[in-house]
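All remarks here apply to the structure that follows.
Read-outs: derived from the displayed coordinates by stated rules, not from any lab. Keep in mind that this is a model prediction, so the values were computed, not measured. So basically every Cβ, Gly included, is an ideal-geometry build from the backbone, and we count neighbours across all protein chains shown.
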Protein chains: 2
Amino acid sequence: MKVAIVGASGAVGQEFLNILENRDFPMDELVLFGSARSAGRKYNFRGKELVVKELQHNDDFKDIDIALTSAGGGTSKEFEKTITKHGTIMIDNSSAFRLDDDVPLVVPEVNAADCANRPRNVIANPNCTTIQMVVALKAIEDISHIRRVHVSTYQAASGAGATGMDELENQFKQIVNGEKPDVEKFTHQLAMNIIPHVDVFTDNGYTKEEMKMFNETRKIMHSDVQVSAMCVRIPIMRAHSESIWVETERPVSVEEATEAFSKAEGIKVIDNPDKNEYPMPLFLSGEDEVFVGRIRADLANPNGLTFWAVADQIRKGAALNAVQIAEYMVKEGMVK
Amino acid sequence: MKVAIVGASGAVGQEFLNILENRDFPMDELVLFGSARSAGRKYNFRGKELVVKELQHNDDFKDIDIALTSAGGGTSKEFEKTITKHGTIMIDNSSAFRLDDDVPLVVPEVNAADCANRPRNVIANPNCTTIQMVVALKAIEDISHIRRVHVSTYQAASGAGATGMDELENQFKQIVNGEKPDVEKFTHQLAMNIIPHVDVFTDNGYTKEEMKMFNETRKIMHSDVQVSAMCVRIPIMRAHSESIWVETERPVSVEEATEAFSKAEGIKVIDNPDKNEYPMPLFLSGEDEVFVGRIRADLANPNGLTFWAVADQIRKGAALNAVQIAEYMVKEGMVK
């Protein structure tokens, strides 16, 4: 089993290395690819030094079984054929193919079986905000169909990659030292501020990030659910939080929901208000699960339920979900 | 006209001083009161030095026309009679009396006329998160009755007073200097984190802060509106933000809503996505209005509308609203 990471030097690429190092993934060899700029960089993996190769239009993927790609939508589109032409399965973290009809969009806890139908040998990894939400929604959907979702996000700097995290950290240093913070990666200063704008705006006034939560959720869940999202960037390093309301076909009680969340794959419930215990991003960075808390009845809807979900954006929101897709496909014998 | 500030050394008390200094409030004398601890402190006001007097059970309020009180609910309850017994109007910023039937709860843009009926001579100032929301809701309510509201808040450290702001600022310094941040005022570390918990929890799983948004909104708007709120503390200094969904009796278009917000008293619309212009707390601290942007249709409800509202928590969310109540009462001849 040969695995490749494309975009090895990015925040998600680095997390692929961490996760493959620490999980018992059945793999004989790992190959790293990156841009001309990052080619030549060296990383330790399972006691060996790996050197990043430049991603080029050649036959480098000939013996690769699975390529985990996270180098931006443009690169994914440009290199899809190069990567898949010899039968390599491409698990792509970009937004390039997510809504293509012939590309499954997969969160293993929700729709792993969709991996079977992949005419282009490409599987898309959903957007971070969608992944953590659908893991939680699935637990409720199994009890009663979800008709509507309203969600406000609290998204960390990590969603903008390593440069986003560096910019935020640098801004804090500059502010504490009495300097004017540099603003480059984000549209406005993020430290001491929040920005109600993630990704670009679309014609209906929603951002692409917000429309991903609408469209990707429907595709992953095979559902007509309607999602209205408000995506907000906040000044923390990593792990996204979401304030979620769902309207179900029949009322679902808090007890029923809590039990469903507790039993669901990939979810941990932290919901002890009397002990001041609820999911918080600072303490859940680096964790694999989606953490759910503040579960309560929706006071504005008899068929409504509301809760709070936190997950590490780089792990379950990106790299880990892609690796879990690969693990599922290996287990099911879908890898040649 | 003699005005008193009770709790003069607190964050809201200090903002009372700022606002009265800069607004054309018709006042002959200002008297400052505080706890035994802050008695003796001196503040400049309109070129004079004022000394904080200790709040005591005596006749100090005999000649005071209006007392602006912000010294916590316990102090307000303890001193209500002392303050009002000679006819002083008490405009109270604490949560002590807000839901009392014989105390009007007032946001001047919404229900100023309620000031007329005040058997105890006490007027309550609503909670900060409620004030900025109802100013925005009023503009929509005037077009079509609002049945339901879903709201997620992004609340600054200022909501916990001057000590809250100091703690956050200190945590940032400690983190940048590689030290472990001190945690005292907030339940958990706030810098680099968010805390889905403001005020104490109640039996239904909501916090008191969240229930204030339910109960106070109904009282101020004389409405049966149902509000489900999620209140979250975030690591910024001042100005609260809110992601709001409303369901109206008949559909209200984005154009109609934008026009209503633009014409409404106390609101400024900032909604130019193509120029990356929308309300952000960093740039609106110290401002008087409620700023509304990101106005769009609710994709999950044909009768729904969603928007983003930002206001300075210490100004419109507290001190300014109380002063505006006083101004209205003076203008209407309600002050003896």
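Which is farthest toward the positive dipole end of chain B among B:A229, B:H57, B:M334, measuring Cα position about the Cα centre, with Cβ charges +1 (Lys, Arg) and -1 (Asp, Glu)?
In chain B, that residue is B:H57.
At A:E259, with labels set 7 Å past Cα in the Cβ direction, how many nm apart are the copies from this one, shortest first?
In ascending order, 5.3 nm.
Measure off 7 Å from each Cα along the Cα-to-Cβ vector at A:K336 and B:R120, then give the distance between these two points in nanometres to one decimal.
The two pseudo-label positions are separated by 7.9 nm.
Under 19 Å between alpha carbons, and skipping anything fewer than 8 positions from A:K185 in its own chain: which lysines qualify?
Cα-Cα hits under 19 Å: A:K173, A:K208, B:K275.
What size of dipole, in debye to the nearest 20, comes out for segment B:159-261 about its Cα centre when the only charges are +1 on Lys and Arg C-beta atoms and -1 on Asp and Glu C-beta atoms?
So the magnitude is around 280 debye.
Could you tally the net charge around A:T82, taking each other residue with its Cβ under 12 Å from the Cβ of A:T82, Lys/Arg +1 and Asp/Glu -1? Could the numbers behind the result be given before it?
Working: positive: A:K62, A:K77, A:K81, A:K85; negative: A:D59, A:D60, A:E78, A:E80.
So the environment of A:T82 carries a net charge of 0.
Go through A:A96, A:H150, A:G178 and say which Cα lies farthest out towards the positive end of the charge dipole of segment A:29-178; charges sit on Cβ, +1 for Lys and Arg, -1 for Asp and Glu.
The residue sitting most towards the positive pole is A:G178.
Would you please state which residues of segment A:46-82 a label at A:E265 would reach in this model, taking the label point 7 Å out along Cα→Cβ and a backbone N cut-off of under 18 Å?
none
On a C-alpha basis, how far is the centre of segment A:288-315 from the centre of segment B:106-144 in Å? Whole number, if you could?
Taking the Cα centre of each part, segment A:288-315 and segment B:106-144 sit 31 Å apart.
Counting DSSP beta bridges with both partners in chain B, what percentage is antiparallel, nearest 5?
Numbers: 28 of 56 bridges.
Expressed as a percentage, antiparallel bridges in chain B total about 50.
Hydropathy at least -0.5 by Kyte-Doolittle, axial extent at least 15 angstrom from the Cα trace: which helices of chain B, defined as entire DSSP H runs, fit?
The answer, listed by residue number, is B:11-22, B:128-141, B:161-176, B:320-331.
Using a label point 7 Å beyond Cα on the Cα-Cβ vector, give me the inter-copy distances for B:D24 in nanometres, one decimal, shortest first.
Label-point distances to the other copies, shortest first: 7.9 nm.
Which net charge results when you count Lys and Arg as +1 and Asp and Glu as -1 among the other residues whose beta-carbon is under 14 Å from that of A:M230?
Within the 14 Å Cβ shell, the charges total -2.
Loop-only check: which trypsin sites (Lys or Arg not before Pro) in segment A:46-78 are DSSP coil with at most 11 other Cβ within 10 angstrom?
A:R46, A:K62
Please report, for B:H188, the nm distances (one decimal) from its label point, 7 Å out from Cα along the beta-carbon direction, to the equivalent points in the remaining copies, shortest first.
2.6
Only Lys, Arg, Asp and Glu count, each charged at its Cβ (+1, +1, -1, -1), so figure out the dipole size of segment B:154-204 about its Cα centre, rounded to 20 debye.
160 debye
Which loop-located GluC sites (Glu not before Pro) does segment B:90-184 contain, where loop means any DSSP state but H, G, I, E or B and the Cβ has at most 13 other Cβ atoms within 10 Å?
B:E179, B:E184
Using just the helices of the protein assembly as shown, give the 222 nm mean residue ellipticity in deg cm²/dmol: DSSP H runs with n ≥ 4 each add -39,500 (n - 2.57), and the total is spread over all residues, rounded to 500.
The helix contribution divided over the protein assembly as shown gives -9000 deg cm²/dmol.
Taking amide H positions as placed in the peptide plane 1.01 Å from N, state which residues far from B:I89 in sequence (5 or more) or on other chains have amide H under 5 Å from it.
Here B:I66, B:A67 satisfy the definition.
R0 = 41 Å: FRET efficiency of A:E249 with B:D100, Cβ-based, nearest 0.05?
Once rounded, the FRET efficiency stands at 0.50.
Considering only DSSP beta bridges with both partners in the protein assembly as shown, what is the antiparallel share in %, to the nearest 5?
50 percent
Among DSSP beta bridges whose residues both lie in segment A:18-165, state the antiparallel percentage, nearest 5. Before the final figure, lay out the partial values.
Values: 4 of 14 bridges.
Of those bridges, close to 30 percent are antiparallel.
Please give the charge dipole size of the protein assembly as shown, origin at the Cα centre, charges +1 on K and R Cβ atoms and -1 on D and E Cβ atoms. Round to the nearest 20 debye.
Here the size comes out at about 660 debye.
So which GluC sites (Glu not before Pro) in segment A:280-336 end up in coil per DSSP with only 14 or fewer other C-beta atoms within 10 Å? Mind dumping the intermediate values first?
Numbers: sites: A:E287, A:E289, A:E327, A:E332; in loops: A:E287, A:E289, A:E332.
Sites meeting the loop and neighbour criteria: A:E332.
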